[in-house]
Amino acid sequence: MKDSQLDSKKIIFLYLSNPIGDNSSFKSGFIKVLHEARVLTGRDLNTGKKNIDAHDENESWLGVTGYMILLDQIGKCFKPKDRIIKEKRSIIKALKYFSTLDDNKIDVVYALRCAFAHDFSLFNFNDDSRFCHRFLISTEKGQPLITLPNNKWTGQYDIDQNDDITIINITLICDLIEGIYSKLLELARADELEITLRKGIKEFTFRYGLRLKK
């Protein structure tokens, strides 16, 4: 297959929406993670909307982590054709390209991903103070996506105070990433999405396709 513009458009859209090709044993890794994240967070498998009978207070951290893994993959694989930013961290890159969050909130989402994925905890210490956060998780309706503290957490685990806690609504984090997914589909349909991997389509399909035994 030639690495042509037409092929890119077709493959990207198939990857974001359906298994690639006719062989049912060859699945899109993106859709695999998306479906599992939706299951764990009590969302409709087809729409990504929260099920009416799902309890927010039982929001799965693993499900939220699955959504943030998608951000990692998005930042590594895609960019809008008409934009380019200089950023090494794939999650930050994805949020800058495909969301309207400001830089401070983007840094918070990145820090939460590190806390969940690396340590499954509510603390993320980093030499860069932008990513140092002590988290309180919320699923309360009406609670904003992110509430920043009055004072920055300094990395001390033996001091318990209330003015250095970053509150983050993980239900809205999932909604945010579902919105990014919708944006990707929109850009893919319009042929405005570009594969950024060094080896292009060949690396994309080989690296992120899952060959599953029947």
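No lab work stands behind these numbers, since they all come straight from the coordinates. Note that the structure is a prediction, hence the values are computed from the model and not measured. Glycine gets a Cβ as well: all are built from the backbone with ideal geometry, and neighbour counts include every protein chain shown.
Positive end of the dipole of segment 107-177 (Cβ unit charges, origin at the Cα centre): among 161, 176, 146, the Cα lying farthest that way belongs to 176.
Sorting 86, 32, 27 by the number of Cβ atoms found within 10 Å of their own Cβ, with the fewest placed first, yields 86, 32, 27.
Bridging of residue 88 to aspartates and glutamates at a Cα separation below 14 Å is possible for 72, 107, once same-chain residues fewer than 8 apart are set aside.
Across the chain, the mean sequence separation of Cα contacts (distance under 8 Å, 6 or more residues apart), normalised by length, yields a relative contact order of 25 percent.
By the compact-protein rule of thumb, 2.2 N^0.38 Å, the alpha-carbon radius of gyration of segment 143-190 corresponds to a ratio of 1.73. In terms of distances greater than 22 angstrom between alpha carbons, the cross-link table entries 10/183; 96/202; 50/183; 9/81 yield 96/202.
Extension gain, residue 129 to residue 186: 0.36 nm times the residue separation minus the Cα-Cα distance gives 17.0 nm.
With 10 angstrom as the radius, rank 178, 36 by how many other C-beta atoms surround their C-beta, starting from the fewest.
Fewest-to-most Cβ neighbours within 10 Å comes out as 36, 178.
Given +1 at the Cβ of Lys and Arg, -1 at the Cβ of Asp and Glu and no other charges, the dipole of segment 5-211 around its Cα centre is 1160 debye to the nearest 20.
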